[in-house]
Amino acid sequence: MKLTYLTSASVIIEDQDVKILCDPWLLDGEFYGSWAHYPPLDFKPEDFNDVDFIYISHIHPDHFSTKTLTKMNKEIPVLIHKHFSKFLKNNIERLGYKVIEIDHNKRTSLKNNLHINILSADNCNPELCQKYFGCSIVENNFTATSIDSMCVMDNEQQVIVNTNDCPFPLAETVATVV
């Protein structure tokens, strides 16, 4: 497995002939035009149209960049954690992408022996919900309401854990799963 750092939380994970672009924020001007990269990036979103999947960890614009995604190939499936709120899913679909929601802690085969396991940062623990921003909707049968997620990718021999910016006090319980 190969990990390539691009910028901020944007990385590419490769294994054999599978490429996953994680949290692509590749254009300046997110968050009402106030966020920019320094130093300036020497690539553009279209340079990554050859990836097999895009993984988006959560709704913040440095992870879910609508400016970036509008420039990319809409045929690339987008992987997200299956949350009770469909805000992230609906917004990705509005951009023209097919979204694949993955249940909490369900190791899922992607392609050529590469697997992903997406975990809600709060480990779907109702006692942790609402202690961090973004976790305000609680449904009757508690599942995932936290906005933050992390993923574990493996090829049965190597493992990469992408925690992006999950707050450690919130994610501490899910660390035991990893």
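The values are calculated or read from the model by the stated rules, or taken from the named source; none is laboratory data. Computed from a predicted model, the values in this text were never measured in an experiment. Cβ atoms come from the backbone with ideal geometry, glycine included; neighbour counts cover every protein chain shown.
Can you go through 105, 91 and tell me which one is modelled with pLDDT under 95, under 17 Å from the mean Cα position of the chain (by Cα), surrounded by 15 or more Cβ atoms within 10 Å (Cβ to Cβ) and not acidic (Asp, Glu)?
On inspection, the qualifying residue turns out to be 105.
Go through segment 108-144 and give me each residue that's modelled with pLDDT of 50 or more and hydrophobic (A, V, I, L, M, F, W, C).
Passing the criteria: 110, 114, 116, 118, 119, 121, 124, 128, 129.
Looking only at segment 1-34, which residues are in contact with an Asp or Glu (Cβ under 9 Å, 6 or more places away or on another chain) and surrounded by fewer than 16 Cβ atoms within 10 Å (Cβ to Cβ)?
Of everything in segment 1-34, those that are in contact with an Asp or Glu (Cβ under 9 Å, 6 or more places away or on another chain) and surrounded by fewer than 16 Cβ atoms within 10 Å (Cβ to Cβ) turn out to be 1, 2, 3, 4, 17, 31.
Suppose we filter segment 161-178 for residues that are in contact (Cβ under 8 Å) with a residue 40 or more places away in the chain and assigned to a loop (DSSP other than H, G, I, E, B); how many remain?
Residues meeting the conditions: 6.
Being modelled with pLDDT of 80 or more, surrounded by 14 or more Cβ atoms within 10 Å (Cβ to Cβ), of a type in the set (S, T, N, Q) and more than 11 Å from the chain's Cα centre (by Cα) is the filter here, so list the residues in segment 145-178 that pass it.
155 - this is the single residue of segment 145-178 that is modelled with pLDDT of 80 or more, surrounded by 14 or more Cβ atoms within 10 Å (Cβ to Cβ), of a type in the set (S, T, N, Q) and more than 11 Å from the chain's Cα centre (by Cα).
Scan segment 44-61 and give yes if some residue there is assigned to a loop (DSSP other than H, G, I, E, B), at pLDDT 95 or above and over 22 Å from residue 100 (Cα atoms), otherwise no.
yes
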